[in-house]
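Reviewing the structure listed below.
The values are calculated or read from the model by the stated rules, or taken from the named source; none is laboratory data. These numbers were taken from a predicted model, which means no experiment stands behind them. Glycine gets a Cβ as well: all are built from the backbone with ideal geometry, and neighbour counts include every protein chain shown.
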Amino acid sequence: MLQLAGGIQGQFGSVTDNYAFLDGNLNYTGTGVTLALERNGESFASAAQTSNQRSVAQAIEQLSAGNSVYESIILSQDAASARRAFTQLSGEVHPAIATQLINDSRQLRDAVGDRLRVEGLYDQPAAGSEDNSVWVKALGAWGKNSGSSDSASSTSSLGGLLAGVDGLISEHTRLGAMAGYSDTSLSLGDDTHSRASADSYHLGAYIGHEQGALRLTAGASHSWHRIDVKRDLQFGAFSDRQKVKRDAQSSQVFTEAAYRLNLQPLALEPFANLAYVHFDSDSFTEKGGATALKGSDDTRDTVLSTVGMRAGNRFNLNDTQKLDVSATLGWQHNLSDTSSEQHLAFASAGNSFNVQSVSMDRDAAVVGARASLALGKDARINLDYNGLLGARDKTHGVGLSLDWQF
């Protein structure tokens, strides 16, 4: 730092440094002064404010000197800079996309449920009429999650197309099958610099039986997901880009019981339903530089119950056109573990660490509205809205469908 042939007299009063995890020390010799930056007693985790930041910080500290991730953190100018790095390095988007796909499974259940509630669906056809039908539904949804003190906020969107065919197999009993495709997008906020998308293909079957005022329905589906995750890291002088594609699958079974009360001027329908969703994703290793993460299989089981009330009315527009309108209000309760977490590790070295994304809401309000117009005796067009409003996660969806009897 300083070298004088005539020697050094006196000493500097103190050293002011701009590093969170390094201290500057002066060493004096007869003719010179050298400055050494040495590791201080502050652990990386001491700068963390969330559980994710703390988990990542502890994992990075185990990498030791010489690792580029370790070196980038040790040069952090202050605790705030270190926290920004920990947030980007955590890989929180990986458990978050799994939770999002579990939430999106509701769209399939709602589509099948709407189909099995069509007025007159279980009646025996008149002589010379057919009792088979096809339907197609275009759907879209968007949502926002406010996050928590430990997890990032997020925004999501979904678009898709579903189609099905069904027919009477006995008096008052209808059996059908459905297939479809949907695309999910998820963007995490709070400086995570990460996003994910998933292409999903669906196949399912459903059955409904109506006896008087009582209706019982059930269904099952299986979905194949192709997940694409991207993370852009930029902190201090360090930059990196990570990406990975991995496969996942989900299966669900669901059932509902409803009882119709024909009152004037409305028909009321109390209902209760239950759904079980199983999700399983493959292990993965990101492609990128030193900040690449690897993760093990992610398996989850979710059980959801919903109770509520529907109210509807029919308007006869003319001899052939009838308009059915209805509204839904319910309460969804998650009967299973609501947490969203995954064990990750740096692909190059180090122990695994636990990362959490925002958990699923334990309870949420279910709201909906539907208008169904009979265009004639063989065709019907439907427009619907569905919402799931929790303390953190609020999702809204719309659908446009066409039913055709043949």
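Tabulated data
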| item | result |
| --- | --- |
| Close pairs from the range 308-333: first in contact (Cβ under 8 Å) with a residue 40 or more places away in the chain, partner of a type in the set (Ser, Thr, Tyr), Cβ under 7 Å, at least 6 apart | Gly308/Thr328; Arg310/Ser326; Arg310/Thr328; Ala311/Ser326; Gly312/Ser326; Asp324/Ser372; Gly330/Thr306; Gln332/Thr306 |
| Number of the exception - Gly140 against (1) buried (at least 21 other Cβ atoms within 10 Å of the Cβ); (2) under 28 Å from Lys394 (Cβ atoms) | (1) |
| Hits in the range 220-267 - residues which are in contact with a Leu (Cβ under 9 Å, 6 or more places away or on another chain), under 30 Å from Phe315 (Cα atoms) and of a type outside the set (Ser, Thr, Tyr) | Glu256, Ala257, Ala258, Arg260, Leu261, Asn262, Ala267 |
| Residue check for Lys394: touching a residue at least 24 places away in the same chain (Cβ under 8 Å) and either in contact with a Cys (Cβ under 8 Å, 6 or more places away or on another chain) or under 24 Å from Met309 (Cα atoms) (or both) | yes |
| Selection count, the range 276-288, where residues are over 30 Å from Val253 (Cβ atoms) and either modelled with pLDDT of 95 or more or surrounded by fewer than 16 Cβ atoms within 10 Å (Cβ to Cβ) (or both) | 3 |
| Which listed residue, of Thr306, Thr328, is closer than 23 Å to Tyr259 by Cβ and more than 23 Å from the chain's Cα centre (by Cα) | Thr328 |
| Scope the range 332-370; condition of a type outside the set (A, V, I, L, M, F, W, C), surrounded by 15 or more Cβ atoms within 10 Å (Cβ to Cβ) and closer than 30 Å to Leu400 by Cβ; matching residues | Gln332, Asn334, Asp361, Gly368, Arg370 |
| Qualifying residue in the range 255-268 (condition: among the hydroxyl-bearing types (Ser, Thr, Tyr) and under 30 Å from Arg195 (Cα atoms)) | no |
| Test result for Ala374, surrounded by 14 or more Cβ atoms within 10 Å (Cβ to Cβ) and more than 30 Å from the chain's Cα centre (by Cα) | yes |
| Single match in Asp78, Asp123 (criterion: farther than 24 Å from Ser352 by Cβ, surrounded by fewer than 16 Cβ atoms within 10 Å (Cβ to Cβ) and outside the structural domain of Arg246 (by TED's automatic domain parsing)) | Asp78 |
| Candidate set: the range 226-264, residues that are assigned to a strand (DSSP E or B) and among the small types (Gly, Ala, Ser); chosen: the one surrounded by the most Cβ atoms within 10 Å (Cβ to Cβ) | Ser250 |
| Filter result (in contact (Cβ under 8 Å) with a residue 12 or more places away in the chain and either in a loop (DSSP other than H, G, I, E, B) or on the phi > 0 side of the Ramachandran plot (or both)) within the range 66-80 | Asn67, Leu75, Ser76, Gln77, Asp78 |
| Answer residue from the range 289-323, given it is surrounded by fewer than 20 Cβ atoms within 10 Å (Cβ to Cβ) and among the acidic types (Asp, Glu) and is modelled with the lowest pLDDT among those | Asp319 |
| Residue check for Gly376: outside the structural domain of Ser68 (by TED's automatic domain parsing) and at pLDDT 95 or above | no |
| The range 86-110, residues that are in a helix (DSSP H, G or I), over 12 Å from the mean Cα position of the chain (by Cα) and either closer than 13 Å to Phe346 by Cβ or not aliphatic (A, V, I, L, M) (or both) | Phe86, Thr87, Gln88, Leu89, Gln107, Arg109, Asp110 |
| Any hit, the range 45-64, residues being buried (at least 22 other Cβ atoms within 10 Å of the Cβ), outside the structural domain of His193 (by TED's automatic domain parsing), assigned to a loop (DSSP other than H, G, I, E, B) and not β-branched (Val, Ile, Thr) | no |
